[in-house]
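Undergrad: Once you've had a glance at the structure underneath, I'll fire off some questions.
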Amino acid sequence: MPSMGFTGLRLGAVQKTLASFAIGFVATGVFSVFVQAPAEAVNSCLAGGDYAFKGGREAFSVANPVNHGTSGYVTVPSGGASCQQIASIYVGRGAGWAEFGWVRGWSNCTAGGADDVKYSRPTLFRWMVNSTGQPAGCRVFASRQPSAGTHTFRISDTNGNFYWGPWFDGEELEPSGVLLDFTTGASYVGMERGSAADSPNAEWWALGGWRSGGWQQWASHDKHPGNHGPGSYSIVAVDHGRTQ
């Protein structure tokens, strides 16, 4: 996905555009931070974009972008990352997306002017961009660092009012939502890592999309065309994907 003026983002703006909204982000906060370093530290870690990106998508919704949301179980690991690792779910439309997931290691979201923070535990985030590529805001929920294990993630605009928001384990984190210029799109999952020292492992299952007035299991599943770098993405089942 394109950067929003952020430094050292994941795939880099050009690659993400070509990859058709490849995913993700990085962010800011002060909760479980074990170090706040100068920008050079983040730039040396993330220079040139991601070391690897692996993800999948619901092929049906790519061809028929009717989903008002994406949901599923997501594995949350323990501990931090040497550089950076992200795992998320999202709805993509044009050059934009509504995304929700976790980040560990360095984050560099410029929202609020707080940059270059390194999280010692996976920390929840959301990242929004309009279909034209215009940034709509990123946020790290710095106090929300879930325990290791399986949790439910959801990003949606189920009432079609153009306001998108994240849900975690059934709790709506931003009831007011974030205004975007689309109400439907295609469903995706993805993992990004910043260096060879970062884990390649991530997992999603019970994947669903909101369409026709309710949550429906993914109708089909294929690999994201923007996958690159070491590691693999495995389609375990139509609603289950794994990276390693």
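The values are calculated or read from the model by the stated rules, or taken from the named source; none is laboratory data. These numbers come from a predicted model, not from an experiment. Counting neighbours? That spans all protein chains shown, and the Cβs are built from the backbone with ideal geometry, glycine included.
Undergrad: Tally time: how many residues in segment 88-110 are outside any loop (DSSP other than H, G, I, E, B), over 13 Å from the mean Cα position of the chain (by Cα) and not hydrophobic (A, V, I, L, M, F, W, C)?
TA: Selection size over segment 88-110: 2.
Undergrad: Considering only segment 151-169, state which residues are exposed (fewer than 13 other Cβ atoms within 10 Å of the Cβ) and over 14 Å from Phe100 (Cβ atoms).
TA: Asn159, Gly160, Asn161
Undergrad: Could you list, in sequence order, the residues of segment 81-121 that are surrounded by 21 or more Cβ atoms within 10 Å (Cβ to Cβ), of a type outside the set (Val, Ile, Thr) and modelled with pLDDT under 90?
TA: Selection gives Trp106, Ser107, Asn108, Cys109, Asp116, Lys118.
Undergrad: Here is a list: Val26, Val62, Val33. Which entry is at pLDDT below 95 and surrounded by fewer than 23 Cβ atoms within 10 Å (Cβ to Cβ)?
TA: Result: Val33 is the single residue among Val26, Val62, Val33 that is at pLDDT below 95 and surrounded by fewer than 23 Cβ atoms within 10 Å (Cβ to Cβ).
Undergrad: Return the only residue of Ser220, Ser143 being modelled with pLDDT under 95 and in a loop (DSSP other than H, G, I, E, B).
TA: The match here is Ser143.
Undergrad: Separate question: Select from segment 213-224 the residues that are touching a residue at least 24 places away in the same chain (Cβ under 8 Å) and out of contact with any Leu (no Cβ under 9 Å at 6 or more places or on another chain) and write down the one among them that is surrounded by the most Cβ atoms within 10 Å (Cβ to Cβ).
TA: His224
Undergrad: I've got another one for you. Just checking, how many residues over segment 157-192 are over 16 Å from the mean Cα position of the chain (by Cα) and outside any strand (DSSP E or B)?
TA: Counting residues in segment 157-192 that are over 16 Å from the mean Cα position of the chain (by Cα) and outside any strand (DSSP E or B) gives 17.
Undergrad: Turning to a different aspect of this structure: So which residues in segment 51-69 are out of contact with any His (no Cβ under 8 Å at 6 or more places or on another chain) and of a type outside the set (S, T, N, Q)?
TA: Tyr51, Phe60, Val62, Ala63, Pro65, Val66, His68, Gly69
Undergrad: Give me the pairs: first residue in segment 126-147 and over 17 Å from Trp164 (Cβ atoms), second residue among the small types (Gly, Ala, Ser), beta-carbon distance under 7 Å, and six or more apart or on different chains, which are they?
TA: Ala142/Gly29; Gln145/Ser32
Undergrad: Using the structure shown, decide if Ser120 is of a type in the set (S, T, N, Q) and in contact with a Ser or Thr (Cβ under 8 Å, 6 or more places away or on another chain).
TA: Judged against the criteria, Ser120 is a match.
Undergrad: For segment 163-184, indicate whether the set of residues that are within 25 Å of Trp106 (Cβ to Cβ), of a type in the set (Ser, Thr, Tyr) and modelled with pLDDT of 95 or more is non-empty.
TA: So far as segment 163-184 goes, no, none of its residues is within 25 Å of Trp106 (Cβ to Cβ), of a type in the set (Ser, Thr, Tyr) and modelled with pLDDT of 95 or more.
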